[in-house]
Amino acid sequence: MKTFFLKLKQARFRSALAGLAGVLVLLLTFFLTTDNQPPLSPAERLLVGEWYHAPAESTRIFHADRTFETSGRQFAGTWNIKEGRLSITYWQPYELPRSLSLTSLGLSLKSVQRSREKYTYGWEISFSDKGQRLSLSHPIDEHHPDGKWWWNRKTAP
């Protein structure tokens, strides 16, 4: 009889341990799948959208989840604005091979390496024209005589 109760206690202990492990897995899954980012600041809400600085060039698309990409998918990354400073971390996305040729496979493998290389830049940012234009601080040169790099919001056609 004693062994029966001992086996019952061991079974309950194993059940409780399995239940606890299940709860921990559920909590971990919930934590990893929920969006833990703080809400967008007013400046960040202004930045969300598509921007261009020269009509013939690719645009930069800033998403509300603080990711960004260029219109041609040459670059992707993350962004944030803190204390009036825009910070961008970007990389080149991985490219699948377009065919089974050695050249295409080689380019795809090189893109794996490029996709792991990350670069970070930061600029002072300010908005004007009711959020339709933004300027980024830039060294003064012939293209930026006022030290500003001007971007315009792309409006829907």
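The values are calculated or read from the model by the stated rules, or taken from the named source; none is laboratory data. Predicted, not measured: the structure shown is a model, and the values here were computed from it. A quick note on method: Cβ atoms are made from the backbone with ideal geometry, for glycine too, and the neighbour counts reach across all protein chains shown. Just the protein is used for accessible areas: all its heavy atoms, side chains included, with ligands, DNA and RNA removed. Shrake-Rupley method; radii C 1.70, N 1.55, O 1.52, S 1.80 Å.
List of remarks:
- Candidate aspartates and glutamates - alpha carbon under 17 Å from residue 110, same-chain residues fewer than 8 apart omitted: 95
- Among 146-155, 99-108, the peptide with the highest mean count of other Cβ atoms within 10 Å heads the list, and the full ranking is 146-155, 99-108.
- Of 25, 48, the residue with the largest accessible area leads and the full order is 25, 48 (1.4 Å probe).
- Using Cβ point charges alone (K and R +1, D and E -1), the dipole size of segment 42-153 about the Cα centre works out to roughly 360 debye.
- For the peptides 50-56, 85-91, the ranking by packing is 85-91, 50-56, with the highest mean count of neighbouring Cβ atoms within 10 Å listed first.
- Axis of helix 102-116 versus longest Cα principal axis of the chain: the two differ by about 80°, to the nearest ten degrees.
- Peptides 13-24, 111-122 ordered by average Cβ neighbours within 10 Å, highest first: 111-122, 13-24
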